[in-house]
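A.B. asks: The structure under discussion is supplied below as structure tokens; questions concerning it will follow.
The values are calculated or read from the model by the stated rules, or taken from the named source; none is laboratory data. Keep in mind it's a predicted model, so treat the numbers as computed, not measured. So basically every Cβ, Gly included, is an ideal-geometry build from the backbone, and we count neighbours across all protein chains shown. Ligands, DNA and RNA are stripped out before the accessible areas are found, and what is left, the full protein with its side chains, is counted by its heavy atoms. Shrake-Rupley method; radii C 1.70, N 1.55, O 1.52, S 1.80 Å.
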Amino acid sequence: LSKAKQIEFSRESIRARRCPSPDSIADCVPKKAHIRTATSISSKEEREEEEGEVCVDGNTPSSNDEGIASPLRHREQQRQKGGAGVDFVEILSATGRKQTPSPPSTASGQLRQPDATSNANAPASIWHRTLLPDTENVTLQMMGDEWPIFETQENGGGSAFVIKLVKFILLTFALIALVHSVVSRYFDDRDQSLTMAQIVKFDGDNIVRDCVVFFVVGRMWRQCGVDHMAFVGTALLANVYFESQNYMGFLQHSLTLYEMNCTWPWELWVFVSVLIPAVAVMVAAHVVRAYRTRVLVMKLIELALCVLFFMAPMMSSNYFHLHHWYGGWLLGMHANFDTWWSRFAMAWCFGMYVNGIAVYGRDPVLTCEYAYFRTVDMRCPYVSCYLEALRHPENETDVVEMIPVDWRNCSSTDYIP
């Protein structure tokens, strides 16, 4: 045999061999190869708080902890199912890194076929049972051939990312429509001129972009989808909370400097004094989690970039208004660890985003300054009278110039963003 064929034959031999026990690993691989097993690279910090999430559609979710915790959990599960022997051997050779999973086996060492129904029988599976499966390689049978609906990778995978993203976008619009329908029937504290058709027409493209950013930064493609009770139920619970504020008058205020300085009642300050520590505990839990999984620097960079791109350019404006759809969207995408409390925080913030748009619309963060800029920039004819009056005040036209209120002056009668 040629040298190249001998090397290939040696590699295939390594893949095919079975290590009967961890003590005999050296007999299965070349002596110069460096071998690590799941137990040798795990640590106490990486294995704690691994609650695990069951996908009942056959997909195993990857961890949001940047590929550290979930692979360890998966390897441990495979090792336990296989009985004696090492079920996952990682070979680091001089030519590169190669991962060689061995076939599952029983305690007697015989090969065992994976149990496709094991996940479906899990006790907590009902909470993560997706409405639609995150199926790979969705194709359409036409003219005697298969036509892929979503683009896949060369190895046949990759379409699940697109499917989960599409499901997330459709779920967002469905929840907005549901909440808008309920609120418009039973509550008065809303934008009473807003319709669902207007939301889709004027804000639909922005909502899709919001979903894409939330999906990518939130690592939602690593979850078991979002169309399950654990996620949707938490989002709906958040909407119940925000609509219950209609019965608490001290909560009927906005988060602006003017209202905080001039109109917030003492009850609201007490409420905030309780809310802030609760939020601080959740933030601290995420910081500790990021530190233990060695992704703290990366998470801080992500947060800094999001603030730089989505918040910093607008913060200096006197028209800046922190809508609760905006706060839920900006914070929720960073609660992306594979633990129940982090997923709960993400779903709650997502429900906050849905509620803000369904009740008041996706109003711009810069309020009327944004609308004024777009109107003047597009030279809309209905604003010409206003501009003409401002240029010629001697004509005594009855027009009020749009000047934002001074938050330090509580007696001001100017525009309140």
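A.B. asks: Out of all the residues in the stretch 369-392, is one or more among the aromatic types (F, W, Y), out of contact with any strand residue (DSSP E or B) (no Cβ under 6 Å at 6 or more places or on another chain) and loosely packed, with under 15 Cβ neighbours inside 10 Å?
C.D. replies: yes
A.B. asks: Right, next: Can you pull out every residue in the stretch 222-240 that is more than 10 Å from W348 (Cα to Cα) and not acidic (D, E)?
C.D. replies: R222, Q223, C224, G225, V226, H228, M229, A230, V240
A.B. asks: Here is a follow-up. Considering every residue within the stretch 158-168, establish whether at least one is outside any helix (DSSP H, G or I) and over 11 Å from V359 (Cα atoms).
C.D. replies: Yes, the stretch 158-168 contains at least one residue that is outside any helix (DSSP H, G or I) and over 11 Å from V359 (Cα atoms).
A.B. asks: So, one more: Check Y319, Y258, Y241, Y247 and return the single one that is touching a Ser or Thr at 6+ places or on another chain (Cβ under 6 Å), farther than 22 Å from R209 by Cα and of a type outside the set (S, T, N, Q).
C.D. replies: Just a single option satisfies the conditions, and that option is Y319.
A.B. asks: Right, here's the next one. Residue check, R362 against (1) crowded, with 16+ Cβ neighbours inside 10 Å; (2) of a type outside the set (G, A, S); (3) free of Cβ contacts under 8 Å to residues at least 24 places away in the same chain; (4) within 22 Å of M402 (Cα to Cα), all met but one. Which one?
C.D. replies: Only one criterion in (1) crowded, with 16+ Cβ neighbours inside 10 Å; (2) of a type outside the set (G, A, S); (3) free of Cβ contacts under 8 Å to residues at least 24 places away in the same chain; (4) within 22 Å of M402 (Cα to Cα) is unmet by R362, namely (3).
A.B. asks: Considering only residues that are of a type in the set (D, E, K, R) and open to solvent by 50 Å² or more (accessible area, probe 1.4 Å), look in the stretch 153-201 and name the one that is modelled with the lowest pLDDT.
C.D. replies: Filtering first and then ranking leaves E154.
A.B. asks: I've got another one for you. Mind checking which residues of the stretch 269-301 are open to solvent by 60 Å² or more (accessible area, probe 1.4 Å), over 17 Å from the mean Cα position of the chain (by Cα) and in contact (Cβ under 8 Å) with a residue 60 or more places away in the chain?
C.D. replies: Once the filter is applied, which keeps residues that are open to solvent by 60 Å² or more (accessible area, probe 1.4 Å), over 17 Å from the mean Cα position of the chain (by Cα) and in contact (Cβ under 8 Å) with a residue 60 or more places away in the chain, the stretch 269-301 yields R292, R294.
A.B. asks: Answer yes if at least one residue in the stretch 302-313 is in contact (Cβ under 8 Å) with a residue 60 or more places away in the chain and farther than 27 Å from A174 by Cα, and no otherwise.
C.D. replies: Yes, the stretch 302-313 has at least one match.
A.B. asks: Then there's this: Scan the stretch 324-336 residue by residue and report those that are more than 22 Å from L300 (Cα to Cα) and crowded, with 21+ Cβ neighbours inside 10 Å.
C.D. replies: Within the stretch 324-336, W325 is the sole residue that qualifies.
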